[in-house]
Each structure stands twice: as structure tokens, then as C-alpha cells.
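**Student:** Okay, here's the structure, questions in a sec.
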Amino acid sequence: MPDLDGKVALVTGGTRGIGLATARALAEAGATVVLTGRDEAKAKEAAQAAGAAGGLALDVTDAKAVAALVRGVAKEHGKLDIVVANAGIMEDALLGMIREELVDTTLSTNVAGTIHTVQAAARAMMRKKTGAIVVLASIVGEYGSAGQTVYAASKAAVANIARSAAKELGRSGIRVNAVAPGVIETELTAGLSEDARASNIGSTPLGRLGTPEDVANAIKFLVSDDAAFITGQVLGIDGGLVL
Ligand code: NDP
């Protein structure tokens, strides 16, 4: 099991789903974890459930707030070793139904929010010339999905944030990777119809949907020293769905 003893980690969007499971997995591996959510009370409650050191309010669309929070966490804990830019939203819309507001909120949360988080993480990690960042892409970002043009575009961008930041930050000892989950059972996918669930399970060689823990365990590996020579990768966690 990767040993994260002594590491300080920040997980955005940690109030539920993949973020909460990731915060818990990193804390169980020994890291001091701070998680965030838009509502402070929910973030504190989630932090307690995850065994995290703290839960803070943060909207990742606000670049200044992200910068201040990341600086604050690094200052309070003396450093920042791990950042998981997990906060994200998904709303389906067929092309003809896409509203401008959906484009704005999706891109400002998933793309700009990830850029703000990676930028602030890099600033905090640069001084010590070490760190590991993971961002949340998606299989639909690589292969597309009918009814998900906006979301798929945002997740393609996220994968390329990881690749570009990895190239830029490698010489500073900072690794940046993405995970690309398939269909994971969280609130985000709770609206899937029974037909869609059955069809996804039928197309998945491992014969089931993913759990938040499936993704959290892969993230735990990527941020650990066991992945010391891995950067700029987009790791599929989909039970083989895309094969
Ligand atoms: P959930 O909807 O269960 O959780 C999303 C988290 O993001 C919540 O903690 C929410 O916190 C937070 N969040 C949303 N908007 C913002 C914002 N503007 N600022 C800060 N935090 C925000 O989603 P999942 O756990 O399923 O997904 C997590 C990530 O994984 C997302 O990026 C998603 O796109 C990606 N993903 C998920 C897949 C799946 O099948 N579930 C598949 C592929 C990728 P709160 O509402 O408390 O503020």
C-alpha cells in the first residue's frame, strides 16, 4: 500500500463521491488531508467522515479564492505535497438544447476551475521542487459521448491541462497526471436510466460500474512515490469499457 505518511494533501470537491473517497484513501495512507466543497458546513462534515484534518469552503471558479486557499493550506501545514483537482459538474444536453449558461458553468467549473487549482498547486510546490497533482478527466473526454458535447469538451481540456502542466513542471520535480474514469456510481451519475446502466454494464468487460473507491485507489497510487517516474499520463479507470 502506498505510504503517504508525512505528506500534506488537498482534495477539491471532497464533500461526496470520488473526492470524498479520495480524501479518505489518502488519509488512511497517512497523509494530512484538507478537503473542500462550496458549503463550509458540508465540507467540515465530510472532513470528519473522511478522517481529514480539515474541510474548507471553496468555489473553484473563483481564481483568487483558490489561490488564497492553497496558500493558506501550505502555510498552515508547512508545505503542500499532493493536490487532487477533483471538483467538477456534469449536465447532459443534446446539441440543439445546449444553453449558453450550461457552456459557461461547465467550462468555468471543469476547465477554469482545474486550471486555477493546478496553477495554485504549482506555485505552492515550486519552492520545495517536489509534488504530485492529479486532475479528473473522463473517458468521454477521449472518445466523445452523444448528449455530452459540453462536458466531453471540458474533460478533453482537463486531460490536456495534465499533459501541458506535466511538460512545464517536470523540471521542478512536480508530476501531473489525469485519471479518466468510466461510469462511476456517484450523485453525478445517479440520473442514469436503468437502460443506460444495463447497457454500460453490458459493454464493460469487468461487468459492473465503478465505485468511488476504484478511482480513489488509482489516485492514491499516482500521488505516491510508487509512481515517481509517471507524469503527463491519462489513466483510464473504466473496467475496460472503452476497449
Ligand atoms: P459529485 O457530483 O458526486 O461530486 C462533485 C464534487 O465537486 C462535490 O464535492 C461538489 O461539492 C464539488 N463541486 C462542484 N462544483 C464545484 C465548484 N464550483 N467549486 C468547488 N467544488 C465544486 O461528482 P463525482 O464524484 O462523480 O465526480 C468527481 C469528478 O470526477 C468530477 O470532476 C467528474 O467530472 C469526474 N468524473 C466522474 C465520473 C462519474 O462517473 N461519476 C466519470 C468521469 C469523471 P459541493 O457541491 O459540496 O460544492
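**Student:** Looking at the chain, do any whole DSSP H helices span at least 18 angstrom along their long axis by alpha carbon and average 0.0 or above on Kyte-Doolittle, and which?
**Tutor:** Helices meeting the criterion: 63-77, 113-126, 149-169.
**Student:** In addition: Suppose each label sits 7 Å from its Cα in the direction of the beta carbon; what would the GLU28-LYS128 distance come out to in nanometres?
**Tutor:** Here the modelled spin labels are 2.4 nm apart.
**Student:** Return the FRET efficiency for the residue pair GLU185, ALA67: r is the Cβ-Cβ distance, R0 is 35 Å, and the value is rounded to the nearest 0.05.
**Tutor:** Efficiency computed from Cβ-Cβ geometry: 0.55.
**Student:** What is the Cα centroid distance between region 177-228 and region 33-52, reported in whole angstrom?
**Tutor:** 22 Å
**Student:** Here's something else I'd like to know. Averaged over all directions, how much area does the convex hull of the C-alpha atoms of region 3-62 cover when projected, in nm²?
**Tutor:** With the hull built on Cα positions only, its mean projection is 3.5 nm².
**Student:** Over all alpha-carbon pairs of region 1-132, lay out the pair-distance distribution in 5 Å bins, whole %, shortest bin first.
**Tutor:** Final binned percentages: 2, 12, 21, 22, 19, 11, 6, 4, 2, 1, 0.
**Student:** Which net charge results for the neighbourhood of SER145, defined as the other residues with beta-carbon distances under 12 angstrom from its beta-carbon, given Lys and Arg at +1 and Asp and Glu at -1?
**Tutor:** -1
**Student:** Turning to a different aspect of this structure: Quick one: net charge around ASP3, please, counting Lys, Arg +1 and Asp, Glu -1 for every other residue with C-beta under 13 Å from its C-beta.
**Tutor:** Working: positive: LYS7, LYS220; negative: ASP5, GLU28, ASP81, ASP225, ASP226.
Neighbourhood net charge equals -3.
**Student:** State which entries of LYS128/LYS167; LYS44/LYS129; LYS128/LYS155 exceed 28 angstrom in Cα-Cα distance in the structure shown.
**Tutor:** The pairs that break the limit, which is 28 Å between Cα atoms, are LYS44/LYS129; LYS128/LYS155.
**Student:** In µm²/s, what is D for region 74-147 at 37 °C and 0.692 mPa s, where D = kT/(6 pi eta Rh) by Stokes-Einstein and Rh is the Kirkwood radius from Cα pairs?
**Tutor:** Answer, rounded: 231 µm²/s.
**Student:** Ok, one more. Mind checking region 137-243 for chymotrypsin sites (Phe, Trp or Tyr not before Pro) that DSSP puts in a loop (not H, G, I, E or B) and that have at most 11 other Cβ atoms within 10 Å?
**Tutor:** Listed in order of number, the matching sites are PHE229.
**Student:** Additional query: Quick one: which residues, 5+ away or cross-chain, put their amide H under 5 Å from the amide H of GLY236? H built at 1.01 Å from N.
**Tutor:** Amide H to amide H, under 5 Å and 5 or more residues apart or across chains, GLY236 pairs with ALA180.
**Student:** Here's a follow-up. What is the sum of charges around SER224, taking Lys and Arg as +1, Asp and Glu as -1, for the other residues whose C-beta is under 15 Å from the C-beta of SER224?
**Tutor:** Overall, the nearby charge balance is -3.
**Student:** Under the definition of Cα pairs under 8 Å and six or more residues apart, what whole-number percent is the relative contact order of the chain?
**Tutor:** 20 percent
**Student:** If you don't mind, another one. Just want the ordering: MET97, MET126, MET90, from fewest to most Cβ atoms lying within 10 Å of their own Cβ.
**Tutor:** Listing MET97, MET126, MET90 from fewest to most nearby Cβ atoms yields MET97, MET126, MET90.
**Student:** Pull up the cross-link candidates among the aspartates and glutamates for LYS79, meaning alpha carbon to alpha carbon under 17 Å and not fewer than 8 places away within one chain.
**Tutor:** ASP5, ASP225
**Student:** When the helix-only estimate is applied to the chain (DSSP H runs of n ≥ 4, each -39,500 (n - 2.57), divided by the residue count), what is the mean residue ellipticity at 222 nm, nearest 500 deg cm²/dmol?
**Tutor:** Rounded to the nearest 500, it is -13500 deg cm²/dmol.
**Student:** How large is the direction-averaged shadow of the alpha-carbon convex hull of region 8-237, in nm²?
**Tutor:** For region 8-237, averaging the hull's shadow over all directions gives 12.0 nm².
**Student:** Identify all aspartates and glutamates with a Cα-Cα distance to LYS42 below 18 Å; exclude those on the same chain that are fewer than 8 residues away in sequence.
**Tutor:** Cross-link targets: ASP59, GLU187.
Just so you know, all these numbers are worked out from the coordinates, no wet-lab data involved. Keep in mind it's a predicted model, so treat the numbers as computed, not measured. Because the Cβ atoms are built from the backbone with ideal geometry, glycine has one as well, and the counts that use them run over all protein chains shown.
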